[in-house]
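Step one of this worksheet: look at the structure below.
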Amino acid sequence: MTYRSPLHPVHVRLGARFSVFGGWEMPLRYPAGTLAEHRACRDGCAVFDVSHLGSVLVAGEGAYSCLQRTFTNDLGKIEPGRAQYTHLLDPQTASVADDCIIWWESEATFHVMPNAANTSGVVNALSEETSGSEPAHIEDVTSTRAVVAIQGPDARHMLRRLAEQAGSPMEGAPYEVRHLGVAPFRWMGHDALVAGTGYSGEDGVECAIPASVAPGFFESLVGHGCVPAGLAARDTLRLEAGLPLHGHELGPGITPYEAGLSWVVSWEKGPFRGREALDRHRASGIKQSIRGLVATGRQPPRAGDEVRRGDAPGGAGEKLGTVTSGNYSPGLGSGIALALLSKTVMPGERVVALVRGKELPCEVVTPPFVPTGLERAKRSL
Amino acid sequence: MEVPAALRYSSDHEWAAMDGAEIRVGITDYAQDALGDVVYVQLPEPGRKVEAGEVIGEVESTKSVSEIYAPVSGTIRSVNTELSDAPEELNQDPYGRGWICVIEPASSGDWDGLLDATAYQALTAG
């Protein structure tokens, strides 16, 4: 069974080409093309339908403690009205079973947003971790809403124009939400939520809108000049920003430490799912790590390509690891990749990726690959 | 979808144009549209002898990698080196500036076995 977004008819009208991702038929690209959509997000504003992400409502007195036991990060570091990136671990192996964002809407109301294919796994884990004496209400509400990501340096400006037009159906100021903030607003009289989150490396927001009124929201944004962008552009944007994708940089056989995301794990907060396995993994020594690769030309290494030492006499040397994601970087004009490599490989080293049998020379780098908007904002603080 | 009447086509979505004694080769409008933005083209080596149906190069888009097959047997006489820096020509002008290579055919038989525009249109309409 393939799911469709509440926005599907809008995408058809906009001339989208579709692809199935995590069981969802979603826009891959629109007639402008992936490169134009990518550039619109870096330079202006792009709007993405990300309704394939799951939405799991966790509410009630036991919600906080249930989430603390289920995920690796510590909600004690934030407060209601904030969002947090976190991991669900496999209890046996400490592999990352899913990476989620939690929107903390109000005191005892949370929205957990898993990857499309992992929603049922996250619901199951939450159900196992809720306690009998202090139960949490856990409900998959994915089908009730659309999630629209508005990303790019002009994202907030576009949203503001939509709010301030005469007779706007928007109430509230979702464009004012802070980075990693969560706030309510209304669209056409319906309750909606905005979070200062995204997956592009640029500033922007994501809005959860009730399904019945979501098509008008997306169409209004496009009408105000946001460029509709598909999942292909979302992937080139996140790769340039060095952001992991579950099933590639995260998944079976990859722990948060190997993904370079140790900050997502809080050892101070007490027990959490997979804690013991992760502690054993940490004690045994981390042997591999996600690194960036920049190819010398336009051709990118691709997921699954083997990476070998590049300075061996007479050709490729010992195997160092495997490419997890690779694509062309519109920002650099060259091929880029993320790869799970031996921990001994350091930025600046020369390696080769074996691309369909041919050696492609690459340099090891620390992502992000391009100066994204969020990186520039961090540096100017 | 543009399918020029004067060209011949392979079922792998290459086009072939008779150019004197030589045959110019590229990928069709249908193929470039299906691929999306082309970001890298691997061209064949000039002088190489190829058999019809043999892989002579690769076209890589942001989404996928596709092989280019020789529509006829013969010898690669020239390649479009402009594509190395401007692979987007394949999207913008697949039958013109986006040509891939010129093959000197070993015989005339392969050309006669290629699809005409009507047959190719029927193939891609399905």
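Can you tell me how many residues in segment A:70-85 are in contact with a Cys (Cβ under 8 Å, 6 or more places away or on another chain) and surrounded by fewer than 23 Cβ atoms within 10 Å (Cβ to Cβ)? Let's see the steps before the verdict.
Residues of segment A:70-85 in contact with a Cys (Cβ under 8 Å, 6 or more places away or on another chain): A:71, A:85.
When the remaining residues are screened for being surrounded by fewer than 23 Cβ atoms within 10 Å (Cβ to Cβ), the result is A:85.
The qualifying residues number 1.
Residue pairs, Cβ under 6 Å, 6 or more apart or interchain, first in segment A:235-246 and within 14 Å of chain B (Cβ to nearest Cβ) and farther than 17 Å from A:ILE101 by Cα, second assigned to a helix (DSSP H, G or I) and aliphatic (A, V, I, L, M). List them.
From segment A:235-246, no pairs qualify.
(1) closer than 18 Å to B:ALA17 by Cα; (2) out of contact with any helix residue (DSSP H, G or I) (no Cβ under 8 Å at 6 or more places or on another chain); (3) of a type in the set (A, V, I, L, M, F, W, C); (4) within 14 Å of chain A (Cβ to nearest Cβ): which one isn't true of B:ALA86, the others all being true?
(1) is the only condition that B:ALA86 fails.
Where in segment A:1-108 are the helices (runs of 4 or more DSSP H), entirely inside, with at least 1 residues that are closer than 25 Å to A:LEU278 by Cβ, of a type in the set (Ser, Thr, Tyr) and not assigned by TED's automatic domain parsing to the domain that holds A:GLU206?
A:63-70
Taking the options A:GLY15, A:GLY62, A:GLY44, A:GLY33, name whichever one is out of contact with any Lys or Arg (no Cβ under 8 Å at 6 or more places or on another chain), closer than 14 Å to A:LEU126 by Cβ and not hydrophobic (A, V, I, L, M, F, W, C).
Just a single option satisfies the conditions, and that option is A:GLY62.
Restricting attention to segment A:243-263, does a residue exist that is surrounded by fewer than 19 Cβ atoms within 10 Å (Cβ to Cβ) and among the charged types (D, E, K, R)?
no
Just checking, which of A:LEU28, A:LEU57 is touching a residue at least 40 places away in the same chain (Cβ under 8 Å) and either surrounded by fewer than 20 Cβ atoms within 10 Å (Cβ to Cβ) or within 15 Å of the chain's Cα centre (by Cα) (or both)?
Details: A:LEU28 fails: either surrounded by fewer than 20 Cβ atoms within 10 Å (Cβ to Cβ) or within 15 Å of the chain's Cα centre (by Cα) (or both).
Being touching a residue at least 40 places away in the same chain (Cβ under 8 Å) and either surrounded by fewer than 20 Cβ atoms within 10 Å (Cβ to Cβ) or within 15 Å of the chain's Cα centre (by Cα) (or both) holds for just one of A:LEU28, A:LEU57, which is A:LEU57.
Go through segment A:144-196 and give me each residue that's of a type in the set (Val, Ile, Thr) and closer than 14 Å to A:SER220 by Cβ.
Once the filter is applied, which keeps residues that are of a type in the set (Val, Ile, Thr) and closer than 14 Å to A:SER220 by Cβ, segment A:144-196 yields A:VAL148, A:ILE150.
Which condition number in (1) charged (D, E, K, R); (2) closer than 17 Å to A:ALA195 by Cα; (3) within 14 Å of chain B (Cβ to nearest Cβ) is the one that A:ARG82 fails?
Evaluating A:ARG82 over (1) charged (D, E, K, R); (2) closer than 17 Å to A:ALA195 by Cα; (3) within 14 Å of chain B (Cβ to nearest Cβ) leaves (3) as the failure.
Quick check, is A:THR72 touching a residue at least 60 places away in the same chain (Cβ under 8 Å), within 14 Å of another protein chain (Cβ to nearest Cβ) and of a type in the set (S, T, N, Q)?
Considered against the rule, which asks whether it is touching a residue at least 60 places away in the same chain (Cβ under 8 Å), within 14 Å of another protein chain (Cβ to nearest Cβ) and of a type in the set (S, T, N, Q), A:THR72 comes out as no.
Which condition number does A:ALA40 fail, the rest of (1) surrounded by 23 or more Cβ atoms within 10 Å (Cβ to Cβ); (2) within 23 Å of A:LEU162 (Cα to Cα) being met?
Failed condition: (1).
Would you kindly identify the strands (runs of 3 or more DSSP E) lying entirely within segment B:1-69 that contain at least 2 residues that are within 13 Å of chain A (Cβ to nearest Cβ) and in contact with a Phe, Trp or Tyr (Cβ under 9 Å, 6 or more places away or on another chain)?
Details: elements: B:14-19, B:22-27, B:38-42, B:55-61, B:65-69.
Per the criteria, B:38-42, B:55-61.
The values are calculated or read from the model by the stated rules, or taken from the named source; none is laboratory data. What you are looking at is a predicted structure, and each value in this text was computed from that prediction instead of being measured. Don't worry about glycine lacking a Cβ; one is built from the backbone with ideal geometry, like all the others, and counts go over all protein chains shown.
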